[in-house]
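Structure first, commentary second.
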2 protein chains.
Amino acid sequence: MDTVKQIREGHVRPASRLIRDIEDKIPSAKSEIKSLFPYTGKSFIIGITGAPGAGKSTLTDAIVTNLRGRKKTIGVLAVDPSSPFSGGAILGDRIRMQRHVQDPDVFIRSLATRGALGGLSHAVGKAIHVIEAMRKDIILVETVGIGQQELDIINHAHSVVVVLVPGMGDEIQVMKAGIMEIADVFVINKADRDGAKQLHKELISMLNAAPLGPKDWRPPVVMVGSLFKPKPFAENIEELVLKLEEHYLYLRSSGKMIERINRKITVEILDALKANILEPIVQKLDESGDLLDLVKKVKSRKVDPYSAAEEIAHRFLKSEDK
Amino acid sequence: MDTVKQIREGHVRPASRLIRDIEDKIPSAKSEIKSLFPYTGKSFIIGITGAPGAGKSTLTDAIVTNLRGRKKTIGVLAVDPSSPFSGGAILGDRIRMQRHVQDPDVFIRSLATRGALGGLSHAVGKAIHVIEAMRKDIILVETVGIGQQELDIINHAHSVVVVLVPGMGDEIQVMKAGIMEIADVFVINKADRDGAKQLHKELISMLNAAPLGPKDWRPPVVMVGSLFKPKPFAENIEELVLKLEEHYLYLRSSGKMIERINRKITVEILDALKANILEPIVQKLDESGDLLDLVKKVKSRKVDPYSAAEEIAHRFLKSEDK
């Protein structure tokens, strides 16, 4: 297929078009992504996550600059409606990103949260595959949030950077809520701000308290900030990139990489099962008016949603497999 | 059924036990929730959401105190691993909540995020039904997060309070990410802090810019804080509760209540379909070892996950309904 060939040669236009078609659930995208699939899985995927306002985009931009200095080819996927990559940006941010847009070895795309209440998981995994097929060495996936969506990045990335900033509420409590478990590298961004040293101290003491085996990875904490002394900004970023490289080598040598790859694939299969089993049934119920009837019956308490779902399962599933 | 009768009479122990069983997916919980269902749907559900550290629990506590003064019976469901209700609390918070624990007309339960990476949606809806069956007039559902989980509250509540605090990053950007659409009432908490007036001003100007019809609800902004002048704390809370009452009356008179109830029920049906259709298939694939085989094949790029999912759909779904 021509599109596949073009994407494999790194052409931006067909890759961008396919990612958009994936997001919009255009039917032809399905066969294209299937054709691409054999050429995927070779990139190293780094997730960069943290609360809005944590400076993830500026950090991502600086990592790209550093990695380009190492001659790595890069993909950036921003899954963040407030990211400058997504266009929800103040002008200065957008202009800053332009220099990478001009670089043929950097591919930048964003996924909007179309209909903010729907999950993005299906599009994220597939968009990553498109960039993998473009043969980018490293793909940076920027995600926002503290809730479920932030934790979901672990299902898409090999390595996860959690970005914290001083003074954004009770950071340590945030971390208890699942963040501690997904972080491979911590960044304290805007480290020139008040409270950075305190946050660093608390984070280190929590990390030291974690029960780790001798072969387990202990997430490092990197202080970053354009005004942060004593080292210049670029050196902070250099340290961060070295930690990411170290983590990559750890994943390879410890066998953890295989675990993470298996988890990524399992999540992709489960997403595909949802798209092929649950979604068509819901669509059928919706189009036939059965869903609307059912809502009315549940509202008047003539039926409960759980018994109704059992009946629908009986109607659609083969009995020998039930 | 005895449990149902006891819960309807407001007994705490069987209600707590059933909510725990729902969370733990104990099979008997399913028939119990079905038996309870006819007695549900009479409470007014208020969602209270915001970033960690926004002071949601203190606010919830104060709202409970105010509503008890109005002789309302109350349920509190905390879906927040960092909430004092969930036990992830500093001691002072937990002691403060104790006074309501002693009040027979206040029922407080928390849902932990068991296995942080799983969704909580199924348990939230059912736990609300248990509290509804206890005949509580008003149920406050406290949720955390800025990502997907925070937005999900709109599927469970009739009225949504979004709690902001000054100085927690770029609040306005956060709001663009879907929060603006779900908020019925804004609270600027810790309004004594620097930046509260600025946040208030920005928020009001965004709200004024929203294109609203003459009959649309314009979310009010309430300033709250224990040190916030000129009014004492209790008066700020009184204002908030009056705004919530006003919104309730608006929902009833505008017909919007029916829309929200229909949406709540639709989400419940979709959750139940997932539990009865998708989850048993995944469990079967897992137990038979088929899932593991498939992961290996996808890893070696012998098959893509999308074609594999189509094949599985064909295997489990009745062909006439495909």
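Here, each number is a calculation from the coordinates, and none is a lab measurement. This is a predicted model, so every value here is computed, not measured. Cβ sites come from the backbone with ideal geometry, for glycine too, and all protein chains shown count toward neighbours.
For residue B:215 and residue A:293, what does the FRET efficiency come to when R0 = 35 Å and r is the distance between their Cβ atoms, rounded to the nearest 0.05? With R0 = 35 Å, the Cβ-Cβ based efficiency is 0.75. Look at the stretch B:284-291: the mean tally of other chain Cβ atoms within 10 Å of its residues' Cβ atoms is 1.
Each peptide in B:153-163, A:217-227, B:204-214 receives the mean, over its residues, of other Cβ atoms within 10 Å, and ordering these scores from highest gives B:153-163, A:217-227, B:204-214. Using a simple spin-label model with pseudo-atoms 7 Å out from Cα toward Cβ, residue A:300 and residue B:11 lie 3.3 nm apart. Mean partner shielding of peptide B:28-36, defined as the number of other chain Cβ atoms within 10 Å of each residue Cβ, is 2.
Shielding value for B:261-271 is 5, the average number of Cβ atoms from other chains within 10 Å of each residue's Cβ. Taken along its principal axes, the alpha carbon cloud of segment B:270-321 reaches lengths of 34, 24, 18 Å, longest axis first. Comparing A:225, A:253, A:237 along the charge dipole axis of segment A:217-280, the residue lying farthest to the positive side is A:253, per the Cβ-charge model.
Peptide packing: for A:279-288, B:48-57, the average count of neighbouring Cβ atoms within 10 Å per residue gives the ranking B:48-57, A:279-288, highest mean first.
Put simply, when B:253-262, B:267-276, B:123-132, A:240-249 are sorted by average Cβ atoms within 10 angstrom per residue, most first, you get B:123-132, B:267-276, A:240-249, B:253-262. Applying 1/(1 + (r/R0)^6) with r as the Cβ-Cβ distance of residue B:24 and residue A:246 and R0 = 35 angstrom yields a FRET efficiency of 0.30.
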